[in-house]
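The values are calculated or read from the model by the stated rules, or taken from the named source; none is laboratory data. Quick caveat, the model's predicted, so the values are computed rather than measured. Don't worry about glycine lacking a Cβ; one is built from the backbone with ideal geometry, like all the others, and counts go over all protein chains shown. We work out accessible area using only protein heavy atoms, side chains counted, and drop any ligands, DNA or RNA first. Shrake-Rupley method; radii C 1.70, N 1.55, O 1.52, S 1.80 Å.
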Amino acid sequence: MGRLEGKTAIVTGAASGLGEATARRFAQEGAKVILTDISDEGAAVARDIGGDAQFLLQDVANEARWAEVVGHAEESWGRLDILINNAGISMFGLVTDLTYAQWRRCIEVDLDSVFLGTRAAIPLMRRSGGGAIVNISSMAGITGQRALSAYCAAKGGVRFFSKAVALECASARDNIRVNSVHPGIIDTPIFHATEADERRAPVGPQAMDVGPMAAFAVPMGVPGKAEDIAAACLYLASDDGRYVTGTEVIVDGGFCAA
């Protein structure tokens, strides 16, 4: 415990799933955390975490809102050490069936938001003496997936955007590290969402049982947990990962290896 003592963090998409687990783990490790989400359910999560946890409503695709969220971190604590760009949606459909609006929505939320958040956070991180940016991609950012062209494009973009910015920061000697995390089949509320929820899992339009899916597709035979992704984020965000930048951490039970 205490691996993030004295650090401040912003975690997007923190009302549930991976973002919630990461925010909780960071708070347990001593960080002051701003949770953001487009859903106000994140307010209850922040209250449950307690301590210095705060919640802000945020549409991560809104450029102006990013300036407000980062500004809030500076006003509250005078610094920013960690940014977890986690918020995202899926977009399932064969390329010939996708509308341009669907394509744009997926790119806007899953890729453009990572650019906006990273760009907004770096100046304050530099004034804080450095920091760590962790961008949540996907195993679909490593391997192609049928009927997930928009999602693969966005998550592949997150992977290589992270590498490019990592090199920029390394060249600037600003002590900011940038990496991506690539979850596989993780048992979170998204996998149980219906088609009405655009955040649903990127494997099909209907809610599904993640256990049998993992038993069929994952070499380890079981789905991961949100806490597995939180642990990877903690490693990259903490001083344990001080010499790690411009790379990806795949947490998928061996899916990509197969």
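With respect to (1) at pLDDT below 95; (2) surrounded by fewer than 20 Cβ atoms within 10 Å (Cβ to Cβ); (3) touching a strand residue (DSSP E or B) at 6+ places or on another chain (Cβ under 9 Å), the lone exception for Thr188 is condition (2). Is there a residue in the range 144-151 that is crowded, with 20+ Cβ neighbours inside 10 Å, at pLDDT 95 or above and more than 19 Å from Thr96 (Cβ to Cβ)? Looking for residues that are crowded, with 20+ Cβ neighbours inside 10 Å, at pLDDT 95 or above and more than 19 Å from Thr96 (Cβ to Cβ), one finds none in the range 144-151, hence no. The requirement of being more than 30 Å from Leu98 (Cα to Cα), modelled with pLDDT of 95 or more, surrounded by fewer than 22 Cβ atoms within 10 Å (Cβ to Cβ) and in contact with a Lys or Arg (Cβ under 9 Å, 6 or more places away or on another chain) is fulfilled nowhere in the range 216-226; no residue meets it. Among residues of the range 219-231 that are among the hydrophobic types (A, V, I, L, M, F, W, C), those with a beta-carbon under 7 Å from a residue that is modelled with pLDDT under 95 at least six positions away or on a different chain give the pairs Val222/Ala214; Ala226/Thr188. Does Ser90 satisfy being touching a residue at least 60 places away in the same chain (Cβ under 8 Å) and out of contact with any strand residue (DSSP E or B) (no Cβ under 7 Å at 6 or more places or on another chain)? Judged against the criteria, Ser90 is a match. Taking the condition open to solvent by 40 Å² or more (accessible area, probe 1.4 Å), at pLDDT 60 or above and acidic (Asp, Glu), does Asp197 pass? Yes. Residue pairs whose Cβ atoms lie under 8 Å apart, separated by 6 or more positions or on different chains, with the first residue in the range 146-166 and without any contact (Cβ under 8 Å) to a residue 60 or more places away in the chain and part of a loop (DSSP other than H, G, I, E, B) and the second surrounded by 20 or more Cβ atoms within 10 Å (Cβ to Cβ) and not polar (S, T, N, Q), are Ala147/Phe92.
Let's see how each residue does on (1) farther than 21 Å from Glu20 by Cβ; (2) of a type outside the set (D, E, K, R):
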{"position": "Leu80", "(1), (2)": "no, yes"}
{"position": "Asn85", "(1), (2)": "no, yes"}
{"position": "Ser90", "(1), (2)": "no, yes"}
{"position": "Leu94", "(1), (2)": "yes, yes"}
{"position": "Leu98", "(1), (2)": "yes, yes"}
{"position": "Gln102", "(1), (2)": "yes, yes"}
{"position": "Arg105", "(1), (2)": "yes, no"}
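For the range 28-37, the criterion of being closer than 28 Å to Arg105 by Cα, assigned to a helix (DSSP H, G or I), without any contact (Cβ under 8 Å) to a residue 60 or more places away in the chain and not β-branched (Val, Ile, Thr) is met by no residue. Taking the conditions (1) without any contact (Cβ under 8 Å) to a residue 60 or more places away in the chain; (2) closer than 24 Å to Asp174 by Cα; (3) touching a helix residue (DSSP H, G or I) at 6+ places or on another chain (Cβ under 9 Å) in turn, Cys106 satisfies each one other than (2).
Where helices (runs of 4 or more DSSP H) sit wholly within the range 40-117, those with at least 2 residues that are open to solvent by 60 Å² or more (accessible area, probe 1.4 Å) and under 23 Å from Gly144 (Cβ atoms) occupy 100-107.
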